[in-house]
Ligand SMILES: Nc1ncnc2c1ncn2[C@@H]1O[C@H](COP(=O)(O)OP(=O)(O)OP(=O)(O)O)[C@@H](O)[C@H]1O
């Protein structure tokens, strides 16, 4: 087992990692721990690990680190394990991976590998990005792009709320063109979701399924700061899917246009429109709780 740790977010994260490692040692699990040195490094380390015969490659970090490790494992035999050490840990909540380090470590040993189908973004300007949870263009990507990372380190998720309030006052809400295989539509923002959840444990796309190739796409037709504030207020109440001006539809391919508008994937700024989104060519094996739930209940 290879564990890839993103040390970027400081001391508390390292303490949580140590708690997980103690459990692995107690369970007699052999592992090698490596640390990332720069963005993108996790993918390289994961690829090397899989080529070197590691059966499980573990992403110890947030959703961005998980996406990078998943990209490194594409087409390889190794399974992805997760020690959720991020701010929101949406992927973990989505798939029932416990957030407590002791329990997520135990899961790495006792869980079973199941298939999920990531998404892949290809930017017209060059560059590709695999995503495991979601990709957003428009307002939420502006929040991610302009986030105060120092504030995020100090107060965690509150930094996103603070930045969203700031963006309400300055984001211009340019129209985005979303093209599907069967037609096109204009929106102010779009979130392409692999999972049901968004920004932690909040419901966004109730019919999205990780185990199925494709996405549920949230099309935000309401434009301007009042609509964006209403969407933001509905999110923690799990009412977002029912909001007026929000349409949800399934797709396996789409193209999003809106020159220069920011794009985020799994909570990281990843580029600017236009972008094409499709199902990644290879599914991913992820270590998850056994379907019976016995392992987790212990
Ligand atoms: N050593 C490093 N130095 C700087 N950046 C790094 C390093 N290692 C990884 N990164 C980058 O940090 C990004 C964010 O990491 P990650 O998602 O693990 O943490 P987070 O942003 O704090 O968590 P969350 O996504 O839950 O908010 C990764 O996508 C990666 O590109």
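The values are calculated or read from the model by the stated rules, or taken from the named source; none is laboratory data. The model shown is predicted, which means the values in this text are computed figures rather than measured ones. So basically every Cβ, Gly included, is an ideal-geometry build from the backbone, and we count neighbours across all protein chains shown.
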Exercise. If a residue has to be assigned to a helix (DSSP H, G or I), more than 15 Å from the ligand (Cβ to nearest atom) and under 12 Å from residue 289 (Cα atoms) to count, how many in the range 93-108 make the cut?
Worked result: 5
Seminar exercise, completed: Note on residue 69: of the conditions (1) touching a strand residue (DSSP E or B) at 6+ places or on another chain (Cβ under 9 Å); (2) assigned to a loop (DSSP other than H, G, I, E, B), unmet is (2)
For this session: State yes or no: is residue 271 crowded, with 16+ Cβ neighbours inside 10 Å and either out of contact with any strand residue (DSSP E or B) (no Cβ under 7 Å at 6 or more places or on another chain) or assigned to a loop (DSSP other than H, G, I, E, B) (or both)?
Result: no
For this session: Quick one: in the range 24-41, of everything that is in a helix (DSSP H, G or I) and over 21 Å from the mean Cα position of the chain (by Cα), which residue is nearest to the ligand (Cβ to nearest atom)?
Result: 24
Exercise. Quick one: is residue 90 in the same structural domain as residue 46 (by TED's automatic domain parsing), farther than 17 Å from residue 34 by Cα and within 9 Å of the ligand (Cβ to nearest atom)?
Worked result: yes
For this session: From the list 219, 254, 248, 237, pick out the single residue that is in a loop (DSSP other than H, G, I, E, B) and at pLDDT 95 or above.
Result: 237
Seminar exercise, completed: Residues of the range 223-262 being surrounded by 18 or more Cβ atoms within 10 Å (Cβ to Cβ) and under 11 Å from residue 189 (Cβ atoms), in sequence order, are 223, 227, 228, 231, 246, 256, 258, 261, 262
Exercise. Among 44, 21, which is the only one that is buried (at least 17 other Cβ atoms within 10 Å of the Cβ) and either within 13 Å of the ligand (Cβ to nearest atom) or more than 19 Å from residue 283 (Cα to Cα) (or both)?
Worked result: 21
For this session: Please determine, by comparing only the residues of the range 146-203 that are part of a strand (DSSP E or B) and out of contact with any strand residue (DSSP E or B) (no Cβ under 9 Å at 6 or more places or on another chain), which one is surrounded by the fewest Cβ atoms within 10 Å (Cβ to Cβ).
Result: 183
Problem set entry | Filter pass, residue 116 being within 11 Å of the ligand (Cβ to nearest atom) and surrounded by 22 or more Cβ atoms within 10 Å (Cβ to Cβ) | no
For this session: Determine if the range 53-70 includes at least one residue that is without any contact (Cβ under 8 Å) to a residue 12 or more places away in the chain and either buried (at least 23 other Cβ atoms within 10 Å of the Cβ) or more than 16 Å from the ligand (Cβ to nearest atom) (or both).
Result: yes
Exercise. Quick check, is residue 267 on the phi > 0 side of the Ramachandran plot and touching a residue at least 60 places away in the same chain (Cβ under 8 Å)?
Worked result: yes
Problem set entry | Answer residue from the range 73-87, given it is more than 12 Å from the ligand (Cβ to nearest atom) and touching a strand residue (DSSP E or B) at 6+ places or on another chain (Cβ under 9 Å) and is farthest from residue 144 (Cα to Cα) among those | 77
Exercise. Of the residues 165, 116, 178, which is closer than 25 Å to residue 203 by Cα and free of Cβ contacts under 8 Å to residues at least 12 places away in the same chain?
Worked result: 165
Exercise. Can residue 168 be described as within 12 Å of the ligand (Cβ to nearest atom), more than 16 Å from residue 261 (Cβ to Cβ) and not assigned by TED's automatic domain parsing to the domain that holds residue 98?
Worked result: no
Exercise. What about residue 161, is it modelled with pLDDT under 95, assigned by TED's automatic domain parsing to the domain that holds residue 215 and closer than 19 Å to residue 89 by Cα?
Worked result: yes
